[in-house]
Amino acid sequence: MNSGGKGIPPRIVTIVSFCIGFLLLFPSLSTANTRAERQRYQHSIVDYRSRLNPRFQKVKRQKTKYIIVHTTELGLRTSLRVVSKGKRLRNGRRTNGGHTHYVIARNGRTYRILDKKYVADHAGRSMWNAERNISNISIGIELVGYHYAPITPKQYRAVGILIDILQGVYGLNDRAVLTHSQVAYGLPNRWFRKNHRGRKRCAKNFIRANAGLGPTWHYDPDVRSGRLTADAQLSAVFYGRRQIYTPPDEANVISKRNTAWAIAGEDYNSVATVYKFPNGRLYTGDQIAEKVGWSRIPPKTVVLLGQENNVELLKVDSAVKIITGGITAWSHAGKAYNRKTTIYFLPSGRIMPGSKIRDWDDLPAKTRMIIGYKGPYGLSKDQTAFRIAGFRYKDPKTIYYLPSKKLVSGNQIKDFSRLPTGTFVFIPAKI
Ligand SMILES: [Zn+2]
């Protein structure tokens, strides 16, 4: 419906009517999801509408032409809060929320934020096929997670069914499903002299086929017509000969090709974007120009998005890291978040290696973690700290987990003979 005006050749009409006939004979093949599956999914949606900021103004949408997929670049709790209540803007003001219709957690659980008949403020400065303000003519779906980390199979399953249902409601084909990074555009900046794509990287890791989606645009209509300048990386991802996906473990790491712009888009100089240099120093996006210089960010610098108010916590140079609202396991450990050498201490007292954790969204706040460790080794009369850790038993990197759930470093312990039974020792794993 978006390709515009040409008549449909008769042969295609024949094929289409054949297909419809075929589908009438085999209704279960008409879509990948059966009616029962769609119903079950619809009943499972968590109604979050009552949490919407009361100042959000509900306006009915006149037309629905697109479904726009996003990644939140935040953990679940912060995502739900931001899309419902609003976010802080650069000028210090806050938005009124209503930033999406749906949020899908990593475990596939779907939240309804705003009734789909209203306009959600989700796409910002955007354009597709010469039409602007895509929020006014689209549904927004937010996938919890990062554009540089994989979307989970359960999210693909959920978003696939949700899109299927919405396509039925609004009569949309697969070409109507786009990502935010495809439709957002930015004003001229230090990288572009004209209006351009690349303002957002949102959902650039969305693999359409995994959501059961078929054919799509093989070009960007606004770039082709000269309305916008292309962003090289995004064009390669969306319209390249072969779709390329940046390996997730490198995708938020600075290299010659992967610049601050390629990773963060318009948030490159935001106070909420944190640059973690290989030497351990941290800078926020707004500090780089003055303190470092955009062309002097060292390779292997890790870029963390959505870290508003978290810099001080990230700066704490301790072996024990804490998961709080905006700081996720990924913020601390990057690609090592789910390894068996990344060890989590849940508030309940449970100790779990990253390799055993299934539901990352349900990891409780105040969970502590250590990265690159072996253990637990239980202390006992015969199994002394020295036996376990050798001469490094007093080292700041050797971690002791006391029965009181306290985590202390070897250098903080005065009298090792008084460590209670039930203490566990963790020692750095050789890498
Ligand atoms: Zn987005």
Return yes or no: is THR246 at pLDDT below 90 and among the polar types (S, T, N, Q)?
yes
Single condition ASP267 does not satisfy, out of (1) in contact (Cβ under 8 Å) with a residue 40 or more places away in the chain; (2) among the acidic types (Asp, Glu); (3) within 16 Å of the ligand (Cβ to nearest atom):
(1)
Only one of these conditions is not met by LYS60: (1) surrounded by 12 or more Cβ atoms within 10 Å (Cβ to Cβ); (2) more than 16 Å from the ligand (Cβ to nearest atom). Which number is it?
(1)
Filter result for the condition that a residue is under 23 Å from ILE263 (Cα atoms), outside any helix (DSSP H, G or I), polar (S, T, N, Q) and more than 12 Å from the ligand (Cβ to nearest atom), over ASN53, ASN91
ASN91
Regarding TYR146, is this residue farther than 22 Å from SER235 by Cβ and of a type in the set (Phe, Trp, Tyr)?
no
If you go through region 319-327 one residue at a time, do you hit one that is buried (at least 19 other Cβ atoms within 10 Å of the Cβ) and part of a helix (DSSP H, G or I)?
no
Kindly evaluate ASP395 against the criterion of being over 13 Å from PHE345 (Cα atoms) and surrounded by fewer than 12 Cβ atoms within 10 Å (Cβ to Cβ).
no
Residue count, region 136-151, condition crowded, with 20+ Cβ neighbours inside 10 Å and of a type in the set (S, T, N, Q), comes to 1
Pairs needed: first member in region 351-367, within 22 Å of TYR400 (Cα to Cα); second member anywhere, among the charged types (D, E, K, R) and surrounded by 12 or more Cβ atoms within 10 Å (Cβ to Cβ); C-beta distance under 8 Å; at least 6 residues apart or different chains.
PRO353/ARG339; PRO353/LYS340; GLY354/ARG339; GLY354/LYS340; SER355/ARG339; SER355/LYS340; LYS356/LYS340; ALA365/ARG77
Right, HIS196: in the same structural domain as ASP115 (by TED's automatic domain parsing) and over 20 Å from the mean Cα position of the chain (by Cα) or not?
yes
Hits in region 278-299 - residues which are modelled with pLDDT of 90 or more, surrounded by 13 or more Cβ atoms within 10 Å (Cβ to Cβ) and in a loop (DSSP other than H, G, I, E, B)
VAL292, ILE297
From the set of residues in region 359-375 that are under 21 Å from the mean Cα position of the chain (by Cα) and farther than 10 Å from TYR344 by Cα, which is surrounded by the most Cβ atoms within 10 Å (Cβ to Cβ)?
TRP360
Just a yes or no: is a residue in region 82-93 among the small types (Gly, Ala, Ser) and in contact with a strand residue (DSSP E or B) (Cβ under 6 Å, 6 or more places away or on another chain)?
yes
Only unsatisfied item for ALA365, checking (1) at pLDDT 90 or above; (2) at negative phi, is (1)
For region 364-411, which residues satisfy the criterion of being among the polar types (S, T, N, Q) and more than 17 Å from VAL320 (Cα to Cα)?
SER380, GLN383, THR384
Can you list the strands (runs of 3 or more DSSP E) lying wholly within region 107-206 that have 2 or more residues being touching a residue at least 12 places away in the same chain (Cβ under 8 Å), within 16 Å of the ligand (Cβ to nearest atom) and of a type outside the set (Ser, Thr, Tyr)?
138-143, 177-179
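The values are calculated or read from the model by the stated rules, or taken from the named source; none is laboratory data. In this text, all values refer to a predicted model and were calculated from it rather than measured experimentally. Cβ atoms come from the backbone with ideal geometry, glycine included; neighbour counts cover every protein chain shown.
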